[in-house]
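A short worksheet on the structure shown next.
The values are calculated or read from the model by the stated rules, or taken from the named source; none is laboratory data. Note that this is a predicted model, so its numbers are computed, not measured. A quick note on method: Cβ atoms are made from the backbone with ideal geometry, for glycine too, and the neighbour counts reach across all protein chains shown.
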Amino acid sequence: MMMKRNVLGQSGIEIGELGFGCMSLDASKPEESTRILREAFDAGVTFFDTADLYDAGKNEELVGQALQACRHEVVIATKVGNRIIPGQAGWTWDPSPAYIETAVEQSLRRLRTDYIDLYQLHGGTMDDPFDEIVETMERLQARGLIRAYGISSIRPNVILHYLKHSQIASVMMQYSLLDRRPEEWFPAIEEAGVSVIARGPVARGLLGGGKRMADGETYLQWTQADIDAALASIQEMLDGRSATQLSLAFAMYPKVVATAVPGASSLAQLRENLGVCTAPSLTAEEIRKLSDAFPAAKYEAHRA
């Protein structure tokens, strides 16, 4: 399959426009999950995103084992900052240099590799020790343990600070037809020479029509009735695409988006996602119609 390739920020790292969000994989079913990862790679997917937090490190182990044979042909991204303390429930936020230095070694071991292509801060607040975090990431980069670093954040004030005071390659943001809040910040991200990695591009499957919310449940400002009405209004635009593929195409459309990373917990889901790469490209008029059908909200918090 021919897939458009993009360069991740100014890192020089080339990735496919469709990546793979590994959080969706079931670590308790390693054989099935490995088949999904291998088929994704065989189909042309080269960007795989995981995190040390997912399944308390088991997701990284799964990814590392499944992709070991093709390690130098893929780009592996993982994340740091959410610290699991043995014997305690949940996790705590710890962006300290000491923890990052320890965590990167653990991720390298679980991923069965001697380098991480993209190391991302998994969150971030304005109370974090910014300068020390950046110094730590750049030190890891200089040592060859990571090729590039980025952040995974939906806080505009945190994003803007890193754009101005670091050499991040990417910002991972939840972005889909149901969550267009990142668009307000795309110009600043693009001007800084940084790429967006779009996570949640089909909004937990709600945009594919296969999953539905319970009565009273919402996805941001959207009720299930709102989603049904919006999806019904764009049926004539499918043009041989599924609703999932149309949603993926929308998330992949902005120039600043280097890759969209939908998950897949089955081969059928993976194959449907892959279909976006051979489906007709969206036109500017189609983007306008989709934008009209799914109005954008704005981030209300963390703006200053």
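Key figures
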| quantity | calculated |
| --- | --- |
| Of all residues making up the stretch 1-22, the number that are buried (at least 17 other Cβ atoms within 10 Å of the Cβ) and either over 17 Å from Tyr253 (Cα atoms) or among the aromatic types (Phe, Trp, Tyr) (or both) | 5 |
| Check on Ala229, within 30 Å of Val74 (Cα to Cα), loosely packed, with under 13 Cβ neighbours inside 10 Å and without any contact (Cβ under 8 Å) to a residue 40 or more places away in the chain | no |
| Unique match (being part of a loop (DSSP other than H, G, I, E, B) and hydrophobic (A, V, I, L, M, F, W, C)) among Ala296, Ala232, Ala258 | Ala296 |
| Answer residue from the stretch 247-304, given it is exposed (fewer than 13 other Cβ atoms within 10 Å of the Cβ), of a type in the set (A, V, I, L, M, F, W, C) and at pLDDT below 95 and is nearest to the chain's Cα centre (by Cα) among those | Ala301 |
| Single match in Asp114, Asp55 (criterion: of a type in the set (D, E, K, R) and within 18 Å of the chain's Cα centre (by Cα)) | Asp55 |
| Tally, over the stretch 5-42, of residues that are in a loop (DSSP other than H, G, I, E, B), modelled with pLDDT of 95 or more and farther than 14 Å from Val261 by Cβ | 5 |
